[in-house]
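Q: Attaching a single structure in structure tokens format; questions to follow.
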Amino acid sequence: MKKYVNAREVLPESLIKEIQKYIKGKHIYIPQTERQSWGESTGIRKELEQRNEEIVRRFEAGVGIQQLAESFHLSEERIRSIIYERQT
């Protein structure tokens, strides 16, 4: 959900008057200068990290790759890549 901010709450009046010379009564979008990494705002990145840690933990406890693939609904190749990238 987008949150709009009234310009008077964040900008000095002199800047608002300067902007009004170009844009009168319309909405404008001011892009962010620093973007968040993929998945940071939704939390999915953290969830995937936790899932991958759980996969490695179970593998190290003796659970086979095929069983992990079935449990996590991933391909065996993806399970292997998660395990190998965590072990290096």
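The values are calculated or read from the model by the stated rules, or taken from the named source; none is laboratory data. What you see is a predicted model; the values in this text were computed from it and never measured. With ideal geometry, Cβ positions are generated from the backbone for all residues, glycine too; neighbour counts draw on all protein chains shown. Areas reflect the complete protein model, heavy atoms only, side chains present, ligands, DNA and RNA absent. Shrake-Rupley method; radii C 1.70, N 1.55, O 1.52, S 1.80 Å.
Q: Expressed in nm to one decimal, what extension gain is obtained for the pair Glu53 and His27 from 0.36 nm per residue of sequence separation less their Cα-Cα distance?
A: 4.9 nm
Q: What's the magnitude of the charge dipole for the chain around its Cα centre, counting Lys and Arg as +1 and Asp and Glu as -1 at the beta-carbon? Answer in Debye, nearest 20. Intermediate values should be presented prior to the final figure.
A: Working: 16 positive and 14 negative charges, 141 e Å.
Here the size comes out at about 680 debye.
Q: In degrees, nearest 10, range 0 to 90: what is the angle between the Cα axis of helix 44-60 and the longest Cα principal axis of the chain?
A: 10 degrees
Q: If you roll a 1.4 angstrom probe over the protein chains with everything in place, what fraction of the accessible area of segment 29-88 belongs to carbon and sulfur, to the nearest %?
A: In segment 29-88, the share of accessible area belonging to carbon and sulfur is 47 percent.
Q: Which value, in Å², gives the accessible area per residue of the chain when a 1.4 Å probe is used on the protein heavy atoms?
A: Roughly 90 Å² per residue, with all protein chains present.
Q: Could you estimate the translational diffusion coefficient of the chain from the Stokes-Einstein equation, with Rh from the Kirkwood formula over C-alpha pairs, at 37 °C and 0.692 mPa s, in whole µm²/s?
A: The estimated diffusion coefficient comes to 189 µm²/s.
Q: With the dipole of the chain worked out from charges on the C-beta (+1 for Lys and Arg, -1 for Asp and Glu) around the Cα centre, which of Asn52, Gly64, Ile19 lies farthest toward the positive end?
A: The one lying farthest along the dipole's positive direction is Ile19.
Q: ³J(HN,Hα) across segment 12-29 via Karplus (A = 6.51, B = -1.76, C = 1.60, θ = phi - 60°), whole Hz, x for Gly/Pro?
A: x, 4, 5, 6, 4, 5, 5, 5, 5, 5, 9, 10, 10, x, 10, 7, 10, 9
Q: Right, another one. Let me have the 222 nm mean residue ellipticity of the chain computed from DSSP H runs of 4+ only, each contributing -39500 (n - 2.57), with the sum over all residues rounded to the nearest 500.
A: Mean residue ellipticity, 222 nm, calculated: -16000 deg cm²/dmol.
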